[in-house]
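Quick notes on the structure that follows.
The values are calculated or read from the model by the stated rules, or taken from the named source; none is laboratory data. On a predicted model such as this, the values are computed, not experimentally measured, just so you know. Here the Cβ positions follow ideal geometry from the backbone for every residue, glycine too, while neighbour counts run over all protein chains shown. Side chains are part of the model used for accessible areas, which takes the heavy atoms of the whole protein and leaves out ligands, DNA and RNA. Shrake-Rupley method; radii C 1.70, N 1.55, O 1.52, S 1.80 Å.
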Amino acid sequence: MQKQLLLGAEAIAQAALDAGISGVYAYPGTPSTEITEFIQRSQPENGASVRSAWATNEKTAFEAALGMSYAGKRSLTCMKHVGLNVAADAFMNAAITGIHGGLVVTVADDPSMHSSQNEQDSRVYAKFAMIPVLEPANQQEAYDMTRYGFELSEKIKLPVMLRIPTRLSHSRATITRAIPREQNDLSPSGDKTKWILLPANARKSYQRLIEKQQELIDASDSSIFNKIIEEKGPMGVIAFGIAYNYTMEVVKTYNLPIAVLKISQYPLPKKLISQFTGKYSDILIAEEGYPVYEELLKGYFGNGKFRGKFDGALPRTGELTPNLLAKALKVDTEETRSIPSIVAGRPPMLCKGCSHRDLFDAINRVMEEYPEHHLFGDIGCYTLGALPPYNAISTCVDMGASITMAKGAADAGMRPALCVIGDSTFTHSGITGLLDAVNDNTPITVIISDNGTTAMTGGQNSAGSGRYYNICKGIGVEEEHIRPITPLKKNLEENSRILKEELNYQGVSVIISQRECIQTARK
Amino acid sequence: MNKNIIIAGVGGQGILTIASIIDLAAMNLGLQVKQAEVHGMSQRGGAVESHLRISSEEIYSDLIPLGKADLILSIEPMEALRYLPFLSPEGVIVTATEPYKNIAHYPEEEKLMDTIKESATHLSVDAGLLARKAGSPKSFNVVMLGAASPYIGIETEELEKAIRLFFGRKGEEIVNVNTKAFRLGKEYATE
Ligand SMILES: Cc1ncc(C[n+]2csc(CCOP(=O)(O)OP(=O)(O)O)c2C)c(N)n1
């Protein structure tokens, strides 16, 4: 087959198509978005169709993927690491039910928090759920392991997690494709004892999951993606996922006599680990993410044989780099130049002409009249309203938290309790919080900053476009307190007046601030 | 053959076009390629860079190690300096001179150019001028590619072939403008 230059994310997408998926279910989130986008623009060559539109959030995505699996077909679900928090209920329980058609859960972690609120390590979730993880080191492995993931999933009857970091997702390399496979036929499962998690069934299923663990360990021990590169000296590195690349970069560049155990499939391969740790006495553990397996191998009371993130050989936070590995392997690297002091920071900012800008102008003007300024914020481009010149928002925690935090603060007595949420974030997980406020008649003002798209992640369709008024009305917000505005300079006076009126109202009010994203308008 | 190139700029300036053309040329020659990009948050007017590695042997790290870049190709002068720790002692900076001022405290331009001069072997290019000469201000990037071409380790003909491939579906006219832009950049560099 021909070679193609693909992002790690795209390699996964191509592999999923070639593995015969019938659908991908995902909500955007950097660095996972490109997987679904690739599938959306490249349907399979054999004319079969693959369902690929965006889901409302990660939980609805996961469950739909599980439903497709129930029906006997292969499905892929993708999300960023924090998206798995949203899908966690479905994720944990799907490990108990198991699957029918192959199900691969791709989770893109963001060590160094390039575009995220945290750098949580999804391998912890997989360990928690007791399912296998595949963690490719490079783009070709991303392709090969995705295909393998579907086979493994169908063989062991469990969802399989594929974990990639930002660096692999957003880096290109050439990959060689394999021959595409046909989609599965429709063949619904129908095994009720498996799919109905009533306690009597669930206890048995959980027991079976525990009993399966040895089989999973054996699969890791015989996996072609785990391997030992022997050396004579006492030093070794256990390199997980992409950490293998950085290790090999250093070992090859400086010609080091250091053995490497590459691990790309979990649970930990017991035989390989015991063989390696028996042979080498000074071992560096290199994980991209939390020191999950370092903690396990080292034990709570430590073991001098192992070095890693706990003893400072590698930093506890942020992503790994070849230089960090070189330092941990005690290589003398050359002095490098520093960044000249003249270089100023250049943080991301709202685009010129962005509708959020005019909204923040109106909010800031109205808030001047209050002694304290609090604006509960949410996640999206409008979070950049936290930076100068606006300095407008007070919080950004997780998707949907603006409305619910404003509600809690209002319950505590804060007035006014104002929050701002993007349109996509509102449908992702804002509606339920608004319903809570309506049921309590909490005095909050919710601004939906509706730019008609999911802008932060590159302009994907937004699930509720054109329906926010009716959604709010439908869940019980009084119509006279649903106020559409158009954020434009010329409307500043009027918008400020409307905002002020609603801040004075002692009940639930919603301001729908609607103007198209300047980026999508240009397209 | 082994080249490490940092391509730098500001989100929205289109540094990935440069990377894609070099990738195409390298692949046509059967070389290995790795190209790490910045997506997401920083694309909103923030600093962005791409790590481009080309080699006749297997490339492991997606990131260029500090002190190992042969070339910093920047389409904005301040951004050229941001990646200085990556530049090897013999490395070269090729940068456009036109600043992109979307921040409150952009450094004084003269001082900036002096710092670039002191920092490394460098070539600064008035890419805007050459792009207009080529027939389209949009060919700014390709002018810079041309100016950097003596340091990329790939023959001019191969890069021009890649330009034709890359812009081919946009029509003959666009191909010609960009080929001209590339040549003007290259001429400037080799003068
Ligand atoms: C649980 C979760 N899923 C996905 C993301 C990634 N993400 C951050 S902001 C955003 C979209 C926000 O869109 P919208 O609310 O419409 O605001 P806009 O960016 O358009 O202003 C997404 C998908 C996230 N941070 N958390």
query: Expressed as a whole percentage, what fraction of the accessible surface of segment B:1-66 belongs to carbon and sulfur atoms when a 1.4 Å probe is rolled over the protein heavy atoms?
result: 44 percent
- prompt: Taking Rh as the Kirkwood radius computed over C-alpha pairs, what is the Stokes-Einstein D of the protein assembly as shown at 25 °C in a medium of viscosity 0.890 mPa s, expressed in µm² per second?
  reply: 90 µm²/s
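Output the peptides A:195-204, A:51-60 sorted from most to least packed, where packing is the average of other Cβ atoms within 10 Å over each peptide's residues.
Values: A:195-204: 12.4, A:51-60: 20.1.
Output ranking for A:195-204, A:51-60: A:51-60, A:195-204.
Of all accessible surface on chain A at a 1.4 Å probe, what whole percent is carbon and sulfur?
Its accessible area is 54 percent carbon and sulfur atoms.
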message: From the phi angles alone, apply the Karplus equation (6.51, -1.76, 1.60; θ = phi - 60°) to segment A:461-478 and give each ³J(HN,Hα) in whole Hz, x where the residue is Gly or Pro.
response: 4, 9, 4, x, 3, x, 10, 5, 4, 5, 5, 5, 4, x, 8, x, 6, 5
- request: With both partners inside the protein assembly as shown, how many of the DSSP beta bridges are antiparallel, as a percent to the nearest 5?
  value: 30 percent
message: Please list, by residue number, everything in segment A:493-512 whose backbone N is under 20 Å from a paramagnetic label point 7 Å out along Cα→Cβ of A:N439.
response: A:507-510
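Highest first, please rank the peptides A:263-276, A:154-167, A:177-190, A:237-250 by the mean number of other Cβ atoms sitting within 10 Å of their residues.
Going by the mean number of other Cβ atoms within 10 Å, highest first, we get A:237-250, A:154-167, A:263-276, A:177-190.
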statement: Note: B:44-54 gets an average of partner chain Cβ contacts (10 Å, Cβ to Cβ) equal to 4
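Hey, can you find the accessible area per residue of segment A:355-522 for me, probe 1.4 Å, expressed in square angstrom?
Numbers: 6960 Å² over 168 residues.
Result: 41 Å² per residue.
With the cut-off at 28 Å, tell me which of the pairs A:K155/A:K227; A:K73/A:K270; A:K127/A:K298; A:K80/B:K161; A:K279/B:K68 have Cα atoms farther apart than that.
Details: A:K155/A:K227 22 Å; A:K73/A:K270 32 Å; A:K127/A:K298 17 Å; A:K80/B:K161 38 Å; A:K279/B:K68 34 Å.
As for pairs spanning more than 28 Å Cα to Cα, those are A:K73/A:K270; A:K80/B:K161; A:K279/B:K68.
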- prompt: ³J(HN,Hα) across segment B:138-145 via Karplus (A = 6.51, B = -1.76, C = 1.60, θ = phi - 60°), whole Hz, x for Gly/Pro?
  reply: 5, 7, 2, 4, 6, 4, 5, 4
statement: Between A:Q265 and residues 5 or more places away or on another chain, the pairs with built amide H atoms under 5 Å apart involve A:E135
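Using DSSP to define loop residues, name the trypsin sites (Lys or Arg not before Pro) in segment A:456-515 whose beta-carbon has at most 14 other beta-carbon atoms within 10 Å.
On the way: sites: A:R467, A:K473, A:K489, A:K490, A:R497, A:K500, A:R515; in loops: A:R467, A:R515.
Loop-located and lightly packed - A:R467.
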field: Centroid-to-centroid separation of segment B:137-155 and segment A:330-364 [C-alpha atoms, Å]
entry: 26 Å
task: State, in angstrom, two size descriptors of segment A:355-522 derived from its alpha carbons: Rg to one decimal place and Dmax to the nearest whole number.
output: 14.2, 44
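So how much accessible surface do B and A hide from each other in total, probe 1.4 Å, in square angstrom to the nearest 100? Numbers along the way, then the final one.
Values: alone 9650 and 22870 Å², together 28480 Å².
Chains B and A together bury roughly 4000 Å² of accessible area.
With +1 assigned to the C-beta of every Lys and Arg and -1 to the C-beta of every Asp and Glu, and no other charges, what is the dipole magnitude of segment A:227-328 about the Cα centre in debye, to the nearest 20?
On the way: 13 positive and 10 negative charges, 56 e Å.
With only Lys, Arg, Asp and Glu charged at Cβ, the dipole is about 260 debye.
From largest accessible area down, sort B:M27, A:M79; use a 1.4 Å probe on the protein chains. If you can, show how the numbers build up before the last one.
On the way: B:M27 55, A:M79 0 Å².
Final ranking, largest accessible area leading: B:M27, A:M79.
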query: So what's the gap between the Cα centers of segment A:206-257 and segment B:42-64, to the nearest angstrom?
result: 25 Å
- request: Give me the angle, in degrees from 0 to 90, between the Cα long axis of helix A:243-253 and the longest principal axis of the Cα atoms of chain A, rounded to the nearest 10.
  value: 60 degrees
- prompt: In degrees between 0 and 90, to the nearest 10, how far off the longest principal axis of chain A does helix A:8-18 point, with axes built from Cα atoms?
  reply: 80 degrees
query: Can you list the HN-Hα couplings for segment A:298-308, worked out from phi with the Karplus curve (6.51, -1.76, 1.60; θ = phi - 60°), rounded to whole Hz and with x for Gly and Pro?
result: 6, x, 5, 9, x, 7, x, 5, 9, 10, x
- request: Compute the long axis of helix A:431-440 from its Cα atoms, compare it with the longest principal axis of the Cα atoms of chain A, and write down the angle in degrees, 0 to 90, nearest 10.
  value: 50 degrees
- prompt: Relative contact order for chain A: what is it in percent, counting Cα pairs under 8 Å that are at least 6 residues apart?
  reply: 12 percent
- line: Spelling it out for A:S171: with amide H atoms placed in the peptide plane at 1.01 Å from N, the residues 5 or more places away or on another chain with amide H under 5 Å from its amide H are A:G8, A:A9, B:E37
